[in-house]
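Note sheet for the following structure.
The values are calculated or read from the model by the stated rules, or taken from the named source; none is laboratory data. This is a predicted model, so every value here is computed, not measured. Note: ideal-geometry Cβ built from the backbone for every residue, glycine included; neighbour counts use all protein chains shown.
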């Protein structure tokens, strides 16, 4: 506990010890330590930006007001990020006419006019994936892209051109993995449940995915967006004590609510444009919030940048 002496304003001391300069000076003393910690003596030996007590009070008062303004701006920035997230949800809800478009019996809502429910396996072929043996390095690093859980969060909602993890023809030949065609919709069903992407080129996946090869009546982008819209509801179907999984019998019972394929494509095109705008707003809000988060240290650094003298922590 730091107890300021008569010549040291408590609020001024409180703000000094929050500054990056003060914190980094103590951190430097712990470099290389197995259990980083500083002693009371090391803390008390630190030098403070020193000005007369009246000036300390003036600086502390001004800083307190500035930091309160920053806190208000932070709350407004967080609300803006939340609103940008809510906009994306609203776009999906509006695009699918308020219907959760992927469900299992009997959880079907009435379809909009011109739409109807299809058993997903009636309009797309369901495939799984597999992992070539990890003990065979010669089966890895080839020219066959292989979608795995390690990358799916970053690939969510996208057409996948290639992956970091790659197998080869021998890996495919000696496993149950299959090379699936362009346009295959890949849905993560284990651990990271509910992320979805589309193959832009022929590739394979791990066994952690359900993969749908769409027929003529189902547009791959429409199915991807339908699965994203239904993400939270479908995650409720996952079971398991350690890792939640949606098992193949449940996946085989998925139904999709859709209009004809021409309208599916028009919906996907509108969604793509609207989501791009929403993502731009979200990125701007996140960047603004990050800038606000940097302000406190900038204000502290500015306040303590040019001390007349230095004094000990007392």
statement: If we ask which residues in region 238-255 are at pLDDT 95 or above and within 30 Å of residue 83 (Cβ to Cβ), their number turns out to be 1
- request: Would you check if there is a residue in region 169-177 being modelled with pLDDT under 95, part of a loop (DSSP other than H, G, I, E, B), surrounded by 15 or more Cβ atoms within 10 Å (Cβ to Cβ) and in contact with a strand residue (DSSP E or B) (Cβ under 7 Å, 6 or more places away or on another chain)?
  value: yes
- prompt: When you scan region 7-35, how many residues do you find that are farther than 24 Å from residue 294 by Cα and touching a helix residue (DSSP H, G or I) at 6+ places or on another chain (Cβ under 8 Å)?
  reply: 4
Of all residues in region 212-227 being surrounded by fewer than 21 Cβ atoms within 10 Å (Cβ to Cβ) and in contact (Cβ under 8 Å) with a residue 60 or more places away in the chain, the one that is nearest to the chain's Cα centre (by Cα): 213
task: Quick one: in region 224-251, of everything that is touching a helix residue (DSSP H, G or I) at 6+ places or on another chain (Cβ under 6 Å) and part of a helix (DSSP H, G or I), which residue is farthest from residue 103 (Cα to Cα)?
output: 225
statement: Of the listed residues (129, 194), the one being within 22 Å of residue 240 (Cα to Cα), free of Cβ contacts under 8 Å to residues at least 60 places away in the same chain and part of a loop (DSSP other than H, G, I, E, B) is 194
statement: By residue number, the members of region 39-51 that are part of a loop (DSSP other than H, G, I, E, B) and more than 27 Å from residue 295 (Cβ to Cβ) are 39, 45
query: When region 127-144 is examined, which residues are found to be under 30 Å from residue 253 (Cβ atoms) and out of contact with any helix residue (DSSP H, G or I) (no Cβ under 6 Å at 6 or more places or on another chain)?
result: 127, 128, 129, 130, 131
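With respect to residue 201, determine if the residue is surrounded by fewer than 18 Cβ atoms within 10 Å (Cβ to Cβ), part of a loop (DSSP other than H, G, I, E, B) and modelled with pLDDT under 95. Can you show your working first?
On the way: surrounded by fewer than 18 Cβ atoms within 10 Å (Cβ to Cβ): yes; part of a loop (DSSP other than H, G, I, E, B): yes; modelled with pLDDT under 95: no.
No, not satisfied.
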statement: Among the residues of region 84-109, the number that are in a helix (DSSP H, G or I) and without any contact (Cβ under 8 Å) to a residue 60 or more places away in the chain is 4
